[in-house]
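Please read the structure below before turning to the comments.
Read-outs throughout are calculated quantities, based only on the coordinates presented, and are distinct from any laboratory measurement. Given the structure is predicted, the values throughout are model-derived calculations rather than measurements. When we count neighbours, we look across all protein chains shown, and the Cβ atoms used for this are built from the backbone with ideal geometry, even at glycine.
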Amino acid sequence: MANTKKITVNKVIKALIKNNGYISFAAREIGCHRNTITNMMKSHPEIREIVDDKIELKLDIAEIQIENAIKSGDLSTAKWYLDRIGKKRGYGITTIQQDSESEIPQIPISKDTQKLGIEYLRNLHNEPNNG
């Protein structure tokens, strides 16, 4: 590993940008331990900001993928989304006890509601994108 005195904030920032905010990859590139970068993040907010920005970008990309899956009619993704994001509206997975060791997730939804949901998702997918 390289001498930490030679590792500058600018060098760390460039390595983090090049490696999409992955600390281990950036550390390997500049020849230091990942803890060196983690420690530098504590005293250099501009380094922390690069990592945070890259995390936010990845979250945005993941959210777009989820939205696209829902628009394409992927019911399991729609259920997953409602379970996590739709709780404020009363959605979520309930569980029933099968035996003492396992629980089976159950989504209380009728067949008619499922059909309406699938039809709604198909209609959403076929609508022109307004954004």
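A few notes on this one:
- Total formal charge among the other residues, if their Cβ is under 13 angstrom from that of L16, Lys/Arg +1 and Asp/Glu -1: +2
- Across segment 24-32, computed HN-Hα scalar couplings (Karplus, 6.51 cos²θ - 1.76 cosθ + 1.60, θ = phi - 60°) run 4, 5, 5, 4, 4, 5, 8, x, 9 Hz from first to last residue, x flagging Gly and Pro.
- Spin-label model distance (nm) - S72 vs N20, 7 Å beyond Cα toward Cβ: 1.8 nm
- Sum of side-chain charges, L82 neighbourhood, beta-carbon under 12 Å (Lys, Arg +1; Asp, Glu -1): +4
- Unsatisfied cross-links (Cα-Cα over 19 Å) in the set K58/K87; K18/K54; K58/K79: K58/K87; K58/K79
- Local net charge near A69, Cβ-Cβ under 14 Å (Lys/Arg +1, Asp/Glu -1): +1
- Cα-based Kirkwood hydrodynamic radius, segment 1-70, one decimal, Å: 12.7 Å
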